[in-house]
Ligand code: GDP
Ligand code: IMO
Ligand code: MG
């Protein structure tokens, strides 16, 4: 049984928690895209783990962890993450495999990300400044790209880096008036990265086809959310990869039909970090209530997340493009205490009702959410262990989301901990 877990909104839906739970029945967990812009939280008892590049299955001893081709790997973040887990008694020795074809994020990518964002002023995307866009741009451009396999020949890599830095430094100085970067520091860092990561580097496509052929169960962990997908999200306010489940086949060389099940993760409200359209955003006390109660601050950057009502048009779109079979709804506990809840079931665009999400932001700008009002509840849900034990209003709210989105809910989050999850 191969399963994909994918975010249905603008990221931070609770994918880390869902992957951790499903990791119990998985032998292999794979990150198929994105980079250290991701921040996936796993909470077990009083221990909290925030993972940026390692798949969330890393927390479970014995699970094989794969970082596939389309992930952009920041070696410094990855090594810190491996060492951080080791300090907490979790070893990745002999169970971490990084694609030799994965592209590498180096310091000049992060500098380029920052300089470009600063230069854009009000037009900025609000990136995580993790060098994601510049690294994927170098991948598409090909000539200035560095891949994990380049760490195997440090002499050739040093020559390549000299050529790349000559180009990047011209850009930094002439375009942004910034200081040039010292190529020797970049080369020295690469030597350290190579020593640590070359032993884990291999052909992960072959590895995945082998384990799938052996009947092992593989869990594919999406990063970001479907609405941040470069081709299908709210461009240009997106990330630079195919972060919907459409990115899985190209991201790791496993065809979509080899994946038996797609689970879409969504919060029972909506959040977004960074700039870009957000039709159901609540720029008021209710939005602030959700932010504070749900601890809605970025796992990677600490930025406050923008909060709003659940958007069924967004979720239904992500379900369609992502061939999602069932839903994991997180943060039901966070809505406790709100008297009336609004659910967006359609948009009004130029006086016409539509239930199909317009990803083009010029059309999206005209979208006015059409809401249904449902009663809230005051009960603390954090101890609930079954759907039947939830207050009637919470059950109705979940059922209405199922109807609007058109897929059954199989998991409900009532708190950040692994144990605070109801299997419906
Ligand atoms: P991801 O990027 O999709 O893995 O999500 P993040 O980890 O960035 O953000 C989700 C946040 O919500 C984390 O702080 C989780 O610990 C927390 N969380 C997940 N599920 C629930 C839930 O059901 N209730 C509450 N209160 N917190 C949750
Ligand atoms: P996880 O996996 C939420 C957002 C950034 C910004 C845009 C582009 O934790 O859900 P980038 O650095 O990728 O160039 O930024 O995408 N973004 C995320 N938002 N969760 C994420 O990951 C995100 N990864 C990128 O905030 O708006
Ligand atoms: Mg996150």
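Laboratory data are not the source of any read-out in this text; all were calculated from the coordinates shown. Please read all numbers here as calculations on a predicted model, not as lab measurements. Here Cβ is always computed from backbone atoms with ideal geometry, including for glycine, and neighbour counts include all displayed protein chains.
Take 404, 187, 98 and order them by how many other Cβ atoms sit within 10 Å, fewest up front.
On the way: 404 20, 187 17, 98 27.
So the ranking, lowest neighbour count to highest, is 187, 404, 98.
Give me the angle, in degrees from 0 to 90, between the Cα long axis of helix 132-141 and the longest principal axis of the Cα atoms of the chain, rounded to the nearest 10. For 132-141 against the chain, the angle is about 60 degrees. For the stretch 103-199, relative contact order (Cα pairs under 8 Å, six or more residues apart, normalised by length) works out to 29 percent. How much FRET efficiency would the formula 1/(1 + (r/R0)^6) give for residue 379 and residue 156, where r is the Cβ-Cβ distance and R0 is 56 Å, rounded to 0.05? Once rounded, the FRET efficiency stands at 0.35.
For the chain, what is Rg from Cα atoms divided by 2.2 N^0.38 Å, rounded to two decimals?
On the way: Rg = 21.5 Å, N = 424, 2.2 N^0.38 = 21.9 Å.
Taking the Cα Rg and dividing by 2.2 N^0.38 Å, one obtains 0.98.
Hydrodynamic analysis of the stretch 322-375 uses the Kirkwood radius over alpha carbon pairs. Inserted into Stokes-Einstein at 37 °C and 0.692 mPa s, it gives a translational diffusion coefficient of 244 µm²/s. Going by a ≥ b ≥ c, the root eigenvalues of the Cα gyration tensor, does the stretch 294-403 fall in the rounded group (a/c under 1.5), the prolate group (a/b larger than b/c) or the oblate group? Prolate, since a/c reaches 1.5 and a/b exceeds b/c. Helix 75-87 against the longest principal axis of the chain: what's the angle in degrees, Cα atoms only, rounded to the nearest 10? Result, in degrees: 70. Summary of the geometry: the stretch 151-216 and the stretch 270-306, compared by the centres of their Cα atoms, lie 35 Å apart.
Using Cβ counts within 10 Å as a stand-in for footprinting exposure, how do 168, 339, 293, 366 rank, fewest first? Display every interim value, and only then the final one.
Values: 168 23, 339 9, 293 16, 366 13.
Fewest-to-most Cβ neighbours within 10 Å comes out as 339, 366, 293, 168.
Computed on the chain, with alpha-carbon pairs under 8 angstrom and 6+ residues apart, the relative contact order is 20 percent. Given Cα pairs under 8 Å that are at least 6 residues apart, what percent is the relative contact order of the stretch 141-254? Rounded, it is 18 percent for the stretch 141-254.
Against the chain, whose longest principal axis is taken from its Cα atoms, helix 107-120 shows a tilt of about 50°. Among 107, 153, a tally of other beta-carbon atoms within 10 Å of each Cβ gives an order, fewest to most, of 153, 107.
Most simply put, the chain has about 40% antiparallel DSSP beta bridges, counting only bridges with both residues inside it.
Rounded, prolate or oblate: which one fits the stretch 88-230, using the alpha carbon gyration tensor with axes a ≥ b ≥ c (rounded when a/c is under 1.5, else prolate when a/b beats b/c, else oblate)?
Note, shape of the stretch 88-230 comes out oblate.
Computed from label points 7 Å out along Cα-Cβ, the spacing between residue 184 and residue 360 is 5.4 nm.
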